[in-house]
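Here is the structure we will look at, set down as C-alpha cells.
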Amino acid sequence: MSGLLETWNGEAVEAREVPLVPVDRFQDGLCQAIAAGGRVSALFGRRHEENRVLVTAVLADDRESRLGLLSTVVGARWPSLSDEFPALQAFERELAEQYGVVPEGHPWLKPLRFEHARMPVRDAFGRSEPFPDIPGDYPFFRVEGEEIHEVAVGPVHAGIIEPGHFRFQCHGEQVLHLEISLGYQHRGAERLLEGASLPRALRLAESLAGDTSIGHGLAFCRAMEALAGVEAPPRGSYLRGIALELERLANHVGDLGAIAGDVGFQPTAAGCGALRAEFLNATAELCGNRFGRGLLVPGGVRVDLSAGDAARLADKLANAFARVRESVALLFRSPSARNRTDGTGVVSRELCDALGLVGPAARASGASRDVRRDHPFGLYRFTHLPVATGESGDVFARAWVRWLEIDRSAGFVLDHLRGLPEGPVRAALPALPPGRLAVSMVEGWRGEIAHVALTDDQGRLGRYKVKDPSFHNWMGLAQALRGEQVSDFPLCNKSFNLSYAGHDL
Amino acid sequence: MIEILKARLRLGRQTVAWPDGPARFPERFRGRPVLDPARCTAGCAACLEACATAAVTAPGTPEMALDLGRCLFCGACAEACSEGALTFTRDFRLATRTREELVVAGDEAKLARALDARMRALFGRSLRLRQVSAGGCNGCEAELNATGNIQFDLSRFGVQFVASPRHADGLVVTGPVTENMLTALRKTYEATPAPKLVIAVGACAISGGPFAGSPVVNDGVAGAIPGVPVDLFIPGCPPHPITIGDGLLRLLGRVTHEDLRVATTGVVGAAES
C-alpha cells in the first residue's frame, strides 16, 4: 500500500493530505492493491474545478487492518479497469451516472440506479433528457434462439418486498442469464445527508436500509466521532455491540425461516419466523423500537440498561436462543431441505473474489472476510469473534454460515449483557472541524458497510459516501442463478437477502 | 418426524392475545405523544431543534402540536424538553382516517373510524391488500410482513396481502414514493378494481419522513397520486405490527373498544406460560 495515505477504520485525516496523483498512477495504485489481495471499500467522486471530478478511493488491506486513501482528478472519460477487476464495475458505473465520467472499455456500461447526474455533464450513457422514469426501461442483454424465452419480474413483486426488476433469459426452466435492474428505491439519500443537521443526518442514516438501522446508524455515529475526535465510553460501546449483534440475530434467524419457507419446510419457517421477533423485541427492550431506531447517538447511546434489566434480557435471550437451536436443527437434519439447498446457486471462490463479495455471501464461498476481525471497531477490538466460513458457496453454505454466526453472536450478546462495564453511556460530541475525512466501516449482518464523511470548510457534512454490502453482492446473486432453474430464484434470492434501499440510496 | 412433532408441541400457541386480551409492549415503547403546552417555557425551542423532521410546531405557545405524520418516534424531542411538556405514552393506537387528525395537541387519542356500512359489508370479513414499496427502507415492509406471521396473524380476521393488484381490495403504500417508482405505483393503483382503499403506512408514505424535500421523492402517497384519497394513515417509523393491525381492524369495524389495554412490560407475542 505504498504511495497511499494510511488510515484506519474510525480514524479521521486531513482531506487535503490525501495524495493527489495523475489518473494512470491512481489506477496503478488500485491494481496493485487488488492484486496484492486488497479490496476497494469505497470509490467516489466530488465536484472539482472546471467541471472536473476529484475521485477518491478507499483501499482496504484486510490482513494488516489498514486502509489507504488515494485521489485523482478526471475529466469526461478514463480507462475502465472493470474488465480486469470486475469488483470495480459498479463503482465505475456509479461514477459515470453521478459525474458523467465514462469508463472507456467498460464491459457492460449501463446506469446503476437511474439517478440524475450531480453536476451538468453530458450523459455517460448517451441518453437524452428527459430520461424514462422506469429504471427497467433500457435494452436488457438478450439471448436469442429457438426455444429461448424471457421472464420479466418486478418492480412490484408478489410478496411484501422492495422493488427491483429481474429479467431472466431462459431455455425451458434453465436460466441462461439473469439481469437485475435496480434504482426504484432511489431517494437521494447521500445528497440529503450532505449539509443535513446532525439529528436529521442520524435519522437518514438509520433509514438507509431499515433492517440495518443499527449497522448504518453505527457507521454514521462512528464517522462523526472520528471527525470530532471522541470515542464512545466503554459501557456505551458495549450496548452498541449488543445492539449490532441483536440485529444480526434477528435477520439471520428470519432468513433461515424464509429459506425454510422457500423449500417448503414449514416447521422451521413458522418457528424461526416467530423467533426472529424475540431478537427484535430485545432491541425494543433496549430502546423502544424493534429496529433499534433512536438508540444510537454520535458519542454513544441514548439509553442505559439497569443491572436487573440486563440480567432479565440475557435470560430471555438465552431461552429464545435455545429454541432457535432446536428449530434450525430440524431444517439442517431434514433430507428434503438439504436436497433443495445443496449445490443450488453456487458462487465459486474465484467468482466471489472477482466480484468482491462481502459478508455471509462471501464467507459461504470460503472467503474469510469480516470487518469485525479485519478492521475491528468499538467492542470488537477487545472481543474477537471467530469468523464463520463455508466452502460450497451454495444456498446451503449461505444458510449454514448464518447459523454459525447466530451461534457466535448469541454467545457474544449473552457474555456482554452479563458483563457490562460501569460508567457513562455517552460522551459529548464537539463541533466537527473543517476539511477532515473519516472512513467508518461496520460489519452489518449483510456484510461490510463503509461510510466516508468529509466536512466542508465550515465543518458541515460536505460529501457523504455510503456503501451498503448489497452494492457488491447483487451481481453475486445474478451470477449464482446461471444454469439454475427459474423456480430456484426465490430460494437463491432469500439466501442472499440483499437490500434494495441500501443499494439505491 | 417425531422430532418435528415434539418441537411443534413445545412451541405451543404463539398468537398474541390482542385484540381480545392485552397488548404487551416494552417499557420504553414510544406510542402516542402527550403535549402539555402549559409546562413549556416560552422561548425554548429545544424540541424543535432536536426533531429531524420538523414534526413539532409552535413550541412555547398554546397551539403547540406534534404531527404524527412526520414524527419518527425517536423520542429526541421529549429528551430535549427539560420541562416535560412533551412525553410519549405507550398507547399504540395511532392510525387515523384523515391527515389532519394526525396532528396531536394535548392528551387525546384520535382513533380511526370505521368505513361506512356499505364498504364494511364489502370488506369487513375479507380484506385483500396489495402492498407497494415505493422507496421504503424495508422497515415498514418488515413490520407489514410480521402482521402475517404466526404471532400477529391478521389472516385470522380475513386480512391478507395478495400477489396481484387485480386480486386486491386496496393498496398499502410504504416509502416516500420515489420518482423511479411513480409509474409502477400509478399502474398498480389503476390495476386494482374499484371500490378500492388506499392505506399509507409509515412516516415516509404519509409525509416523506426523513426524505421529505428530496428532489427525487414525492413526499408520500398524497403527493404522488393527487386526487386519490387516502383512507387510512398509520404513522410510525416503522409502526409496530399491532399499531398496523389496530388501524386496519378499526377501519373494518372489527375493533371498536376505546379502553386501552397495555400490559406491563413483556415480549409481544411470547407464549403465555
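The values are calculated or read from the model by the stated rules, or taken from the named source; none is laboratory data. Being a predicted model, the structure only gives us computed values, none of them experimental. Backbone-built Cβ (ideal geometry, glycine too); neighbour counts: all protein chains shown. Calculation scope for accessible area: heavy atoms of the full protein, side chains included, ligands and nucleic acids excluded. Shrake-Rupley method; radii C 1.70, N 1.55, O 1.52, S 1.80 Å.
Brief remarks on what is shown
- Note: relative contact order over chain A, using C-alpha pairs below 8 Å and six or more positions apart, is 19 percent.
- Unpartnered cysteines - no second Cys beta carbon under 4.7 Å - across chain B: B:Cys40, B:Cys44, B:Cys51, B:Cys71, B:Cys74, B:Cys81, B:Cys137, B:Cys140, B:Cys204, B:Cys237
- Solvent exposure of the protein assembly as shown amounts to 35 Å² per residue of accessible area, where only protein heavy atoms count and the probe is 1.4 Å.
- 10 Å Cβ neighbours from other chains, averaged over peptide A:356-362: 0
- Net length available on complete extension from A:Leu20 to A:Arg63 is 12.9 nm, with 0.36 nm assigned per residue and the Cα-Cα distance removed.
- Sparse packing (at most 16 other Cβ atoms within 10 Å of the Cβ) combined with a DSSP loop state is found for the following trypsin sites (Lys or Arg not before Pro) in region B:1-97: B:Arg13.
- Dipole check for region B:117-252: with +1 at the C-beta of Lys and Arg, -1 at the C-beta of Asp and Glu, and the Cα centre as origin, the magnitude is about 540 Debye.
- Of the peptides A:269-275, B:253-259, B:122-128, the ranking by mean beta-carbon count within 10 Å, highest at the top, reads A:269-275, B:122-128, B:253-259.
- Taking a ≥ b ≥ c as the square roots of the eigenvalues of the Cα gyration tensor, the protein assembly as shown is classed as rounded, since a/c falls below 1.5.
- Charge dipole (debye, nearest 20) of chain A; +1 at Cβ of Lys and Arg, -1 at Cβ of Asp and Glu: 1240
- Value at 222 nm in deg cm²/dmol, rounded to 500, when DSSP H runs of n ≥ 4 in the protein assembly as shown each add -39,500 (n - 2.57): -10500 deg cm²/dmol
- Exercise: per-residue mean of other protein chain Cβ atoms within 10 Å, A:276-286: 5
- At least 20 Å² accessible surface lost relative to isolated chain, residues of region B:214-232 (1.4 Å probe): B:Ser214, B:Val216
- Size descriptors for region A:5-134, from the alpha-carbon set: Rg then Dmax equal 15.0, 48 Å.
- Euclidean distance between Cα centres, region A:207-253 to region A:39-108, Å: 27
- For region A:422-503: relative contact order, % (alpha-carbon pairs under 8 angstrom, 6 or more apart): 22
- Using heavy atoms of the protein chains and a probe of 1.4 Å, the accessible area assigned to B:Thr98 is about 40 Å².
- Accessible area that becomes buried as B packs against A, both chains, 1.4 Å probe, Å², nearest 100: 4900
- Carbon plus sulfur fraction of accessible area for region A:1-126, probe 1.4 Å, in percent: 46
- One quarter of the surface of the convex hull around the alpha-carbon atoms of region B:161-257 equals 6.4 nm², the direction-averaged projected area.
- Sparse packing (at most 14 other Cβ atoms within 10 Å of the Cβ) combined with a DSSP loop state is found for the following chymotrypsin sites (Phe, Trp or Tyr not before Pro) in region A:328-418: A:Phe382.
- Surrounding net charge for A:Arg142, when Lys and Arg each add one and Asp and Glu each subtract one, Cβ distance under 10 Å: -2
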